[in-house]
Each structure stands twice: as structure tokens, then as C-alpha cells.
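A.B. asks: So that we are looking at the same thing, I have put the structure below in C-alpha cells.
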């Protein structure tokens with residue numbers, strides 16, 4: 001049996017985007033240490049690795065260098081606290097191409113509240129959403145290159161404070177304002193402010209409608 005892939009096996013990125021079908025859902029399951037245990041066929045197709053390569057490999061094998069480290073720190077803090085969290089992510093395929101998705105991370109726990117696994121559900125995002133988040137990611141990556149993740153975390157904290165938003169509210173705001181699916185459902189900028197006071201149940205109903213989940 002060949003050795004499992006590690007982050008050292010990541011390909012060199014190329015500036016070519018993989019187009020994902022609008023209704024596609026990429027799913028992966030990792031253990032508490034971030035090791036891949038399950039993937040669906042769509043994940044395999046888009047990532048470009050076969051199932052044998054992926055199972056047992058660290059999930060960061062698909063991490064794109066354009067993604068700031070601080071964003072993954074935020075995600076891990078949420079899921080370790082048994083909280084669901086969404087993230088706008090640029091991933092790296094085996095051939096070096098990239099693809100953008102909105103990822104919804106869900107933590108599964110046992111009867112003792114110990115983490116069993118993490119499941120990530122990914123759906124494609126439109127160019128307007130990509131354009132809305134890219135300047136922030138570029139700024140955070142530049143800060144990390146010069147001063148490290150602690151500095152980028154401070155910058156992000158100040159950025160969110162100036163906007164009067166939490167991280168979760170920022171992601172929701174970008175999706176509501178820039179996602180074409182939201183507009184097609186009759187939502188738009190007027191809904192962005194309402195998200196702060198919307199109940200969890202209504203928010204979930206919105207996300208389910210937005211992504212066609214029954």
C-alpha cells in the first residue's frame with residue numbers, strides 16, 4: 001500500500017478555475033484530527049484525487065495558498081466548540097486548478113459530547129461572492145506573510161469591529177448581498193440587516209431554500 005498524501009504533496013497552483021455544477025454538493029467527513037474518513041463522488045471528481053489517495057490523508061491536502069490561515073483557525077475554534085460554521089473557501093485540486101465553495105461545517109458528538117467527526121458540505125458560489133471576499137483574503141495573506149497569523153487575526157478582529165459584525169454575520173452578509181440565488185428567491189440587500197435579528201429556524205430555512213435542500 002502506498003504512503004498517504006501529506007500537505008507536502010500539494011501541487012503548484014495554476015490560475016485556472018474549475019467550474020462546478022450549480023446544484024453540486026461536495027461532502028467530506030474527517031475524524032477529530034482532520035484526517036479524511038469519507039468523501040462523496042462529487043468531492044472526488046472536483047478535487048481530482050481518487051478515493052484511495054484521500055482516505056487517511058489530512059484534509060489540508062486541498063488547502064489553497066490564497067487562503068489565509070486565520071480563517072481556518074476560526075473554523076476550528078467553532079467546530080471544536082461543537083458549533084456549526086460556514087466559510088467561503090478557495091480550494092486546490094490535484095492538477096493545480098482552484099475552485100470556490102461555501103462550506104458548512106457540522107460537528108457530530110456522542111452521548112458524552114465528545115467529538116465523533118466533522119462533516120463538511122460544500123456548494124459552489126458565484127463570481128460576485130468570490131469578488132466580495134477576495135480583497136479581505138489577500139490582505140490577510142499579505143499580513144501573515146510579513147507578520148504572522150497573530151497579526152492577521154488582530155487585523156480581522158478590527159475589520160469586523162469596524163463593520164459591527166461577528167465573523168458569522170460577515171459571511172451571511174456577503175451571501176445575502178452577492179449571491180444570485182438569493183436574488184432569485186426574492187431576497188436582496190434589504191434582507192442583510194434583518195439577518196442579525198432573524199431566528200435560527202428562519203435562517204436555516206433561508207439556507208435550505210438557497211441551496212435547494214429539502
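Rule-based calculations on the coordinates, nothing more; no lab input. Computed from a predicted model, the values in this text were never measured in an experiment. Note: ideal-geometry Cβ built from the backbone for every residue, glycine included; neighbour counts use all protein chains shown.
A.B. asks: Can you give the three extents of the C-alpha atoms in the stretch 1-107 along their principal axes, from longest to shortest, in whole Å?
C.D. replies: 34, 34, 26 Å, listed from the longest principal axis down.
A.B. asks: Specify the inter-centroid distance of the stretch 127-183 and the stretch 26-56, based on alpha-carbon positions, in whole Å.
C.D. replies: Cα centroid of the stretch 127-183 versus Cα centroid of the stretch 26-56: 27 Å apart.
A.B. asks: Taking 0.36 nm per intervening residue step and subtracting the Cα-Cα distance, what contour gain separates residue 111 from residue 51 on full extension? Write out the running numbers ahead of the final one.
C.D. replies: Values: separation 60, 0.36 × 60 = 21.60 nm, distance 3.03 nm.
So the chain would gain 18.6 nm between residue 111 and residue 51.
A.B. asks: Still on this structure, please answer the following. Which shape class, rounded, prolate or oblate, goes with the stretch 1-50 when its Cα gyration tensor gives a ≥ b ≥ c as root eigenvalues, a/c under 1.5 marks rounded, and past that a/b bigger than b/c marks prolate?
C.D. replies: Working: a/c = 2.09, a/b = 1.20, b/c = 1.73.
It is oblate, given that a/c is not under 1.5 and a/b is not larger than b/c.
A.B. asks: Next up: Which of rounded, prolate, oblate describes the stretch 7-210, given a ≥ b ≥ c as roots of the alpha-carbon gyration tensor eigenvalues and a/c under 1.5 marking rounded, otherwise prolate only if a/b is larger than b/c? Present the calculation step by step, with values, prior to reporting the outcome.
C.D. replies: Details: a/c = 1.29, a/b = 1.22, b/c = 1.06.
Rounded, because the longest to shortest axis ratio a/c is under 1.5.
A.B. asks: What is the packing order of peptides 119-125, 160-166, taking the mean over residues of other C-beta atoms within 10 Å and listing the highest first? Present the calculation step by step, with values, prior to reporting the outcome.
C.D. replies: Details: 119-125: 21.0, 160-166: 11.1.
So the order, starting with the most tightly packed, is 119-125, 160-166.
A.B. asks: Separate question: Can you give me the relative contact order of the stretch 20-90 as a percent, contacts being Cα pairs under 8 Å and 6 or more apart?
C.D. replies: Numbers: 62 pairs, mean separation 15.5, N = 71.
That works out to 22 percent.
A.B. asks: Can you tell me how the stretch 47-157 classifies by the Cα gyration tensor, rounded, prolate or oblate, using a/c under 1.5 as the rounded cut? Spell out each step's value before the answer.
C.D. replies: On the way: a/c = 1.68, a/b = 1.19, b/c = 1.41.
Since a/c reaches 1.5 but b/c is at least a/b, the shape of the stretch 47-157 is classed as oblate.
A.B. asks: Residue 150 versus residue 69, label points 7 Å from Cα toward the beta carbon: distance in nm?
C.D. replies: Here the answer is 1.2 nm between the modelled labels.
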